[in-house]
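The numbers here are math on the coordinates, done by the rules we state, and not lab data. All of these numbers come straight from a predicted model, not from anything done at the bench. Here the Cβ positions follow ideal geometry from the backbone for every residue, glycine too, while neighbour counts run over all protein chains shown.
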Amino acid sequence: MKIFPKFFLSYWLSFCAVTLLIFAVGTYTFERDLFRFVTRIETAQLQTFASEIEYYYAEVQTWDFLKENPRMADLILRQRRSFDENLIILPNVINENRRFRFSFNTNRDIERPGRLYLLDESLDVVIGDKSVMNQMLASEEIDKVLKERFILSAINHEGKQVGTLALLISERLYEAIDLAFARSNNQTLRFSAIAGLLFAAIISLVLTMNMTGPIRKLARGTRSLISGEFKTRVSINNKDELGKLSRDFNILAKTLDKNSESQKQWLADISHELRTPIAILKSELEAIDDGIREFDKETLQSLTHEVKRINNLVNDLYELTLADLGAMKYQMREMDIGSCLEDVVDSYRDRLESSEIELSKSIHSVSNFLGDSYRLEQLFSNLIENTLRYTDSPGKLNVQLIEEKNNIFITFSDSAPSVETEVIEKIFDRFFREELSRSREKGGAGLGLAICHEIVEAHSGQISASLSDLGGLSIQISLPRGDS
C-alpha cells in the first residue's frame, strides 16, 4: 500500500474512533440525564399529588374508605390531571360539594398501574398493586425496597406522617413525549456523527495531502539526483522535520553538484596537465624522427625532463587518490619532529643557495611526537619545493618550529612574489595556480599543497596560508603533540 492511503486511513480511522466515542458517550449521557430530568418532574408531581391526598385525609381521618372502595382508588390512579381540568370529586359521604383539584404541570402518567402506591402509616398498601409490592418485599426488607426502588413523598397531617406516596422508579421511558424527544435527540446525534465522519474524511484528506506533498517532492528530487541531475532543489517551507529534511536534501544536492563539477574539472585539469608534456615529447620525437633535431645529450635531457614531469604528476595523482580512498598508509611512531624538519631543510641547503635563496631557521627539538616520519618529510619537502619553484632570486626562506603547550606550530615564510588575497584560501585546492605570479612556466601542476593538506589532516592538524612579512607566502601548520 502506498503512503497516501496509509496516512489517509490512519487519520480518518483516528477521527472515526473519536467521533464514535463522542457519539456513544453523548447517547449514554443523554439517556442518563433524561431519566434524571423525568425523575425530577415526577418527584415534583408526586409532592403535589401528596398535598392533594392530604386534603382528602384531613376530611375523613382514615384510609379505610379507599381500601373498601377499590373503584375510587382506581379512579384516582387512572384519571389524568392538569391545572385546569380532570377534577376528582370525592363521594357525598365526605362532603357533597367538596372538590379536590389534583394539579400537575404536565400530563405525565405517573399513575400508570404498578408504579404509584399509597401506603398508610404502617406502610401497608392502600392504593396500588399489592401483588407486585409483595413480590418485591419477598426478598428484601420494605425500608430497603422503598429507598432504592421508589420515589417517596410523605403525607403529613397535623405534624404527623399518616401515609406515603411511593412511585416506582421507571427503568425505561413510557411517555410519548419523552420517547419522541429521545428519538429526536438520537436522530440528531446520528446525523452529527455521520456529518462528523464526512468532515473527518475531508480533514484527513487535507492533512494527508499536506503531509505527503513534501514527501512526494523529496521523492521526485531523489529520483532526479539518481538520474544525475544534481542541480535539482526542492522547495518545502515547513518548519518541522520535513522542512529540515528538505534543507538537508538541498545541501546534499549542492554537495553532489559541487563534487560533480570538481570531478569534471579534475579530469579536465589532468588532461590539460598531461597534454603539455606529452605534446612536447611528441614534438621532440617527431623532430628527431624527421631529422630536424639530432638525438644528442641535450635532446635526451629535454625528453627526460618531460618524462620526469609526467612521472611526478602521476605520482601526485596516485597519492591524492589514495588519500581520497583512505588507503594512504601512515606508520605512526614516536619521533623527534624537530630533527625530522632539520634534516629535510639541511638537505635543501645547496639547492637554496644555488637559487640565491637565503635560508634562516629556528627549529626546536620536539621528541615523543606521534607521527609518520616519511609523510612528514614529504610534507616539508613539498613546501620547500614550492619556495624553490616560485620565489624570485634573490629571495628568502624562513622556517620556524615552536612548541606551545600541547601543540606544535611550524611556519614556512618566503619572499616575493605572493598571491592575491582573494584566492589565498584556494591554494590548497587541487590543480590551483595563481596565474599572475606562480604559473605553470615555473613548473608544477598545483598538486603539492593539496598533498600537504592531506598529510596534515591525517595527523589531526591544520594548515593555512597568509601573506608573508617577507613579501611572499606564509604557510602555517598546527599539529597536536600526540604524546603516547
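Some values worked out for this structure:
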quantity	calculated
Partner lysines for residue 2 [C-alpha distance under 30 Å; skip if fewer than 8 residues away on the same chain]	217, 231, 239, 244, 254
Principal axis box of the stretch 241-325, alpha-carbon based, largest edge first, Å	73, 23, 12
FRET efficiency for residue 268 and residue 385, using Cβ-Cβ distance with R0 set to 22 Å, rounded to 0.05	0.35
Hydrodynamic radius of the stretch 150-265 per Kirkwood, over alpha carbon pairs, in Å	21.2 Å
Cβ-Cβ FRET estimate between residue 304 and residue 367, R0 fixed at 60 Å, reported to 0.05	0.90
Residue 227 versus residue 296: modelled label distance in nm, points set 7 Å from Cα along the beta carbon direction	6.4 nm
Amide H within-cut-off set for residue 407, under 5 Å, with H built and near neighbours excluded	481
Using a Förster distance of 51 Å, the FRET efficiency for residue 20-residue 121 (Cβ separation, nearest 0.05)	0.45
Two-site label geometry, residue 252 and residue 157: point separation in nm, points 7 Å out along Cα→Cβ	9.5 nm
Residue 215 versus residue 48: modelled label distance in nm, points set 7 Å from Cα along the beta carbon direction	6.4 nm
Restraint check, 405/426; 258/405; 308/396, Cα-Cα greater than 32 Å	258/405
